[in-house]
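Down below is the structure, laid out as structure tokens.
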Amino acid sequence: MQVKAAVAYQAAQPLTIETVELAGPRTGEVLVEIKATGVCHTDAYTLSGADPEGLFPAILGHEGAGIVVEVGPGVTSVRPGDHVIPLYTPECRQCEYCLSRKTNLCQAIRTTQGRGVMPDGTSRFSVAGEPVFHYMGTSTFAHYTVLPEIAVAKIREDAPFEKVCYIGCGVTTGIGAVINTARVEPGANVVVFGLGGIGLNVVQGARLAGADIIVGVDINPARRELAERFGITHFVNPKEVEGDLVPYLVNLTKGGADYSFECIGNVDVMRQALECCHKGWGVSVIIGVAGAGQEIRTRPFQLVTGRVWKGSAFGGARGRTDVPKIVDWYMEGKINIDDLITHVLPLSEINRAFELMHAGQSIRTVITF
Ligand code: NAD
Ligand code: DAO
Ligand code: ZN
């Protein structure tokens, strides 16, 4: 079928809006009509050329929501008409990783997903007979996309696509890092570095978990007001701190953070996030994705004296199990998504979404089809 899509032909170039060819779902696959998709920093990272796994030409996008239109042979868990959120971290419930219960990093389709193709090694997208790569197994910057059955979470039908698409990445990543990865407890002191589309969800996760002090750190002063609405008790602009930021934060948190979260992708900030943690027990969670080849550093004595460095992908969430629950939380008013969606644009204006992000003017832009 012919579908409208935004194609990334080259790194650091605007996306091209055009009609591409999409082949139907094969065994174990589903065809989904994408109704809405968020534009995340990670799409920009891949488009910039800094992503070592980045392939071109590709159809980017990993934060969508839509409706199943057709299923391939052998599909049993969803059927046409089901509302779904695509999962860049699938959940097969059968691989060694899924069965371990120790990680959400299902490996069932990892190799082919990283190569930009479906599990049978081929792409469903093409332009003029030439294949176009899938991205993160989701490619939500297309009006229709094909996904493995294990990479869709079935959600309730009354949830608005243009809001719950954000649960496909940012919301789940931020809230999940607090609940699943750090396991923040009531009364904890938390420091969140970067108050963008991920960090603000960490803030609302920390508030949900009952954190006491929630410090938000951002170089953009415009982030303060929204972050306060989402639950920060203190805002710190590193540019306005005299002297070293780490002792300043240790003092503010009365001895150090119980938990800190890096939501930027800056390796120097990752070090600050670890070192502002409380001696003996502070846990620092890296969420931000750093540029290819970059490395983190600290003095090993930071770890010897009890600080713990962790990472979190998709908030440690098992998508098919956890995403429908997070949709319920939104529908029950437990979490706020609406105030984070600062812009809604048609697919034809998707390049504007990247401009708004780079200018620090948007938290999330949602593209509707
Ligand atoms: P964003 O651009 O919306 O937010 C980043 C924020 O960091 C901005 O508010 C910016 O002003 C602030 N910032 C930049 N440099 C800073 C500094 N030196 N000190 C303090 N604040 C600074 O980005 P986002 O969408 O929130 O994504 C954040 C990171 O999370 C990205 O690296 C993204 O790739 C990554 N990410 C990770 C996962 C995961 O599963 N681990 C999922 C999605 C996104
Ligand atoms: O190696 O098993 C694996 C999965 C790696 C992908 C993890 C994705 C999380 C970080 C990228 C940000 C996604 C928006
Ligand atoms: Zn698995």
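Things to note:
- Summing Lys and Arg as +1 and Asp and Glu as -1 over all other residues whose Cβ lies under 12 Å from the Cβ of V289 gives a net charge of -4.
- Fewest-first ranking of F369, F301, F125, using other Cβ atoms within 10 Å as the exposure measure: F301, F369, F125
- Length-normalised contact order of the range 174-312 in % [C-alpha pairs under 8 Å, at least 6 apart]: 22
- Comparing V323, V267, V164 in a Gaussian network model of the chain where C-alpha atoms under 10 Å apart are linked, the largest mean-square fluctuation is found at V267.
- Other residues with beta-carbon under 15 Å from the beta-carbon of S100 carry, at +1 per Lys or Arg and -1 per Asp or Glu, a net charge of +3.
- The range 7-37 versus the range 283-348: alpha-carbon centroid distance in Å: 25
- Cα pair distances exceeding 27 angstrom across the range 174-312, given as percent: 9
- A straight Cα-to-Cα reach below 22 Å connects K279 with the lysines K254, K310, residues fewer than 8 places away in its own chain not being considered.
- Among G291, G256, G170, residue whose mean-square fluctuation peaks in a GNM of the chain (springs only between Cα atoms under 10 Å): G291
- Each of C98, C263 was scored by other Cβ atoms within 10 Å of its Cβ. Arranged with the fewest first, they read C98, C263.
- Electrostatic tally near A227: other residues with Cβ closer than 12 Å to its Cβ, Lys and Arg +1, Asp and Glu -1, net 0.
- Theoretical ellipticity at 222 nm over the chain - DSSP helices of four or more residues, -39500 (n - 2.57) apiece, nearest 500: -6500 deg cm²/dmol
- For the range 147-200 versus the range 61-138, the inter-centroid distance based on Cα atoms is 19 Å.
- The range 259-360 shape via C-alpha gyration tensor axes, a/c threshold 1.5: oblate
- Rel. contact order, % - alpha carbon contacts under 8 angstrom, at least six apart, the chain: 18
- In plain terms, the residue of L99, L340, L252 with the fewest other Cβ atoms within 10 Å comes first and the most crowded comes last, giving L99, L252, L340.
- Members of K102/K334; K163/K334; K102/K154; K102/K325 lying beyond 25 Å, as alpha-carbon distances in this model show: K102/K334
- For the chain, modelled as a GNM whose springs connect Cα atoms under 10 angstrom apart, the maximal fluctuation among P90, P324, P221 occurs at P221.
- Global size of the chain as Cα Rg and Dmax, reported in angstrom: 20.1, 63
Read the figures in this text as sums done on the coordinates, not as results from a lab. Since the model is a prediction, treat every value here as computed from it, not as a measurement. All Cβ positions, even for glycine, are placed from backbone atoms using ideal geometry, and neighbour counts span all protein chains on display.
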